[in-house]
1. Send over the semi-axes of the chain's equivalent ellipsoid, whole angstrom and largest first, taken as the square roots of 5 times the C-alpha gyration tensor eigenvalues.
2. Any idea what log10 I(q)/I(0) is at q = 0.17 Å⁻¹ for region 18-102, Debye with uniform C-alpha scatterers and no solvent?
3. Label region 71-158 by shape, choosing from rounded, prolate and oblate, from the square roots a ≥ b ≥ c of the eigenvalues of the Cα gyration tensor; if a/c is under 1.5 it is rounded, and otherwise prolate applies when a/b is larger than b/c, oblate when it is not.
4. How far apart, in nm, are the 7 Å Cα→Cβ label points at Arg73 and Thr226?
5. Please name which of Phe306, Ala295, Ala262 has its Cα lying farthest along the dipole of region 262-319 towards the positive end, using unit charges on Cβ (Lys, Arg +1; Asp, Glu -1) and the Cα centre as origin.
6. With each pseudo-label sitting 7 Å past Cα toward Cβ, what's the Thr81-Asp279 distance in nm, one decimal?
7. Do the alpha carbons of any pairs in Lys266/Lys390; Lys151/Lys221; Lys22/Lys129; Lys188/Lys299; Lys266/Lys299 sit beyond 20 Å of each other, and which pairs?
8. Taking the Cβ-Cβ separation of Ala412 and Ala46 as r and a Förster radius of 22 Å, what is the calculated FRET efficiency to the nearest 0.05?
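The values are calculated or read from the model by the stated rules, or taken from the named source; none is laboratory data. Here the structure is a predicted model, which is why all the values come from computation and not from measurement. Cβ placement follows ideal geometry from the backbone for every residue including glycine, while neighbour counts extend to all protein chains displayed. Ligands, DNA and RNA are stripped out before the accessible areas are found, and what is left, the full protein with its side chains, is counted by its heavy atoms. Shrake-Rupley method; radii C 1.70, N 1.55, O 1.52, S 1.80 Å.
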Amino acid sequence: MSHFIINGGNRLEGVVTISGAKNAALAIIPAAILAGESCRIENLPAIEDVRILEQILIRMGATVEFTPDQGMRVDPRGISTHSVTFEMVSLLRASYYLLGALLGRYGYAEIALPGGCSIGQRPIDQHIKGMRALGAEVVIKGGVVRAQASKLKGAEIYLDVVSVGATINIMLAAVGAEGVTIINNAAKEPHVVDVANFLNMMGASVRGAGTDVIRIAGGRKLHGCTYAIIPDQIEAGTFMIAAAATRGDVVINNVIPTHLEAISAKLMESGVRVIEGDDGREFFIRVTSQSRPRAVNLKTLPYPGFPTDLQQPMMAFLSTAAGNSFIVENIFEERFNHVSELRRMGANITINQRTALVEGVEALSGAPLYASDLRAGASLMVAALMGEGKSELHNIHYIDRGYEFFEHKLRALGADILRVE
Ligand code: EPZ
């Protein structure tokens, strides 16, 4: 198993370019099944999760080819099975988007139930509620969800929980349903909007994405298209936090500033300088810090609130802030697994159910660190970059799932980091 060796203390300085959004890619690639012909998806991040999804689609019979400019051509016409096995789902839980895509296109889908993971139980009851509302017969037996419908019919659905996955999965199925579907209490994340834009490029009619009511007029014939996905706001936020944590000065290119308002506001509240701009071609955000940050409180909320995926990196940053920060994790019930690792570096953090009290210490010191999930890995990377001395960061396969060329981008900003195979 490879790991990183990081010698902390270097200020990050320079320019970094953000890659395509992982959570948009993981939904848009399965959505390509809904077209009766091939689609070309561009600006894909070269990350493990995209490669796994490519393999799953190929094993199902689709033709999937990477094209030189980090693009992918998906031709669903060869799909010969509508079943996604437990092995596939255990490799990539987001393969559950194939439930909505297969049901919407073929009227049948068989998906192994995804288990929980290190950040929580992650049930899919709202996904299933939506499929049943569209008229599918859904049977869960032996850990497998079987959904079948001779004809899906549009319906009005009210999500009990604001769920990105359920919103997207229901959108995918609703595209194949006769009539109008309305999703109330829908998630508003940028990648929900990106999926809706992709579906509309294929000839679907999805309106209202980005608000909490999405209206899909289904049953339209869809065609292939070419679509470039949005930049990854979580990767961008991670670099913003890393720049602030190392008292650096970093220009982050290829961003959509409105997607980053919550993280920009929180960093500015802590005393970090955040400037938005555009160089005539693309938007950038510049993050500069010369002094110890002030402690701030934060609560994770559905978009446009503070994103849960940046709670962990932000905690690392606040662990040496001046004062006490309260962090409330409202989205996932287990998203504090990185805390024990930060404590090993000298952080002073107390957990009480979903609230973490982070009492700022002068400095963190390097230590052997073990990532438990993707964003815990990002959090420990930030901590190691700001810590005094050497850290070894293990289980970095989690990081490879969601951050493209992470150590290369950090090294280009001055980080002293080495991947040891
Ligand atoms: C997506 O997960 C992202 N993953 C997560 O990113 C992200 O943290 C999350 O959205 C929230 O923004 C992908 O897009 C692949 P949810 P998802 O459904 O869709 C509960 C990362 O690091 N819920 O919005 O699974 C659920 O338990 C990953 O990139 C139900 O109760 O998240 C959670 O408490 C981690 N029933 C809350 O809703 C359901 O049917 C939000 O989950 C579905 C969800």
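1. Computed over the chain, the values are 38, 21, 20 Å.
2. For region 18-102 at q = 0.17 Å⁻¹, log10 I(q)/I(0) is -0.60.
3. oblate
4. Here the answer is 1.1 nm between the modelled labels.
5. My answer, from the dipole projection, is Ala295.
6. Between Thr81 and Asp279, the label points sit 4.7 nm apart.
7. Listed pairs above 20 Å: Lys266/Lys390; Lys22/Lys129.
8. It comes to 0.85.
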